[in-house]
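Nothing in this text is a laboratory measurement; each read-out follows from the coordinates by a stated rule. Remember, predicted model here, so these are calculated numbers, not experimental data. FYI the Cβ positions are ideal-geometry reconstructions off the backbone, even for glycines, and counts take in every protein chain you see.
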Amino acid sequence: MAKRCYLVSCVGAKLTILSKAKDLYVSDWFRKVRLYVEASGDPWFILSAEYGLVDPEAIVAPYEKTMKRMGVTERRKWASKVIEQIESLLPNSEAIVVFASASYREFLMDHLRFRAKEVLVPMQGLRIGEQLGWLESHMPRKAVR
């Protein structure tokens, strides 16, 4: 059993070519979260508005779909798909740490709490600049910047 598992939301800034999922997203926020979670050595996955739960090593095509443009019904359908993927892909963990906005979390949190003893959303309620500051101040020393 993994100590922790991380879920990281996708972002709008992407490469325009087929890429490993971990390389597709190119915003400063995503890069910093990636450094943070990879430094932990624990498993992590990407919450993609297009593909659902994605292994960072998976090859994916760029896309334009966003949670912001989805209505409640579509977000519920997306969450149901992600829950199915969680059951087959996510390792059992003591804790699940979520780096994602409310639109990604809203219909997943109950299931995540069922899956792990602890579910953490460390940057909940912080604006983007505050999130970047949080990441800088919490970056493990072994993370390469």
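Values computed for the structure shown
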item: Convex hull volume per residue in cubic angstrom - Cα atoms of segment 2-138; result: 102
item: Relative contact order (%) - segment 2-138, alpha-carbon pairs under 8 angstrom, separation at least six; result: 29
item: Rough spin-label spacing in nm, given labels placed 7 Å along Cα→Cβ, for Trp134 and Glu106; result: 1.9
item: Taking Met1, Met67, Met139 and counting other C-beta atoms within 10 Å, the order from fewest to most; result: Met1, Met139, Met67
item: Extension gain from Met70 to Glu84, taking 0.36 nm per residue of separation minus the Cα-Cα distance; result: 3.1 nm
item: Within straight-line cross-link reach of Lys68, lysines at Cα separation under 30 Å, skipping those fewer than 8 residues along the same chain; result: Lys14, Lys20, Lys22, Lys32, Lys77, Lys81, Lys117
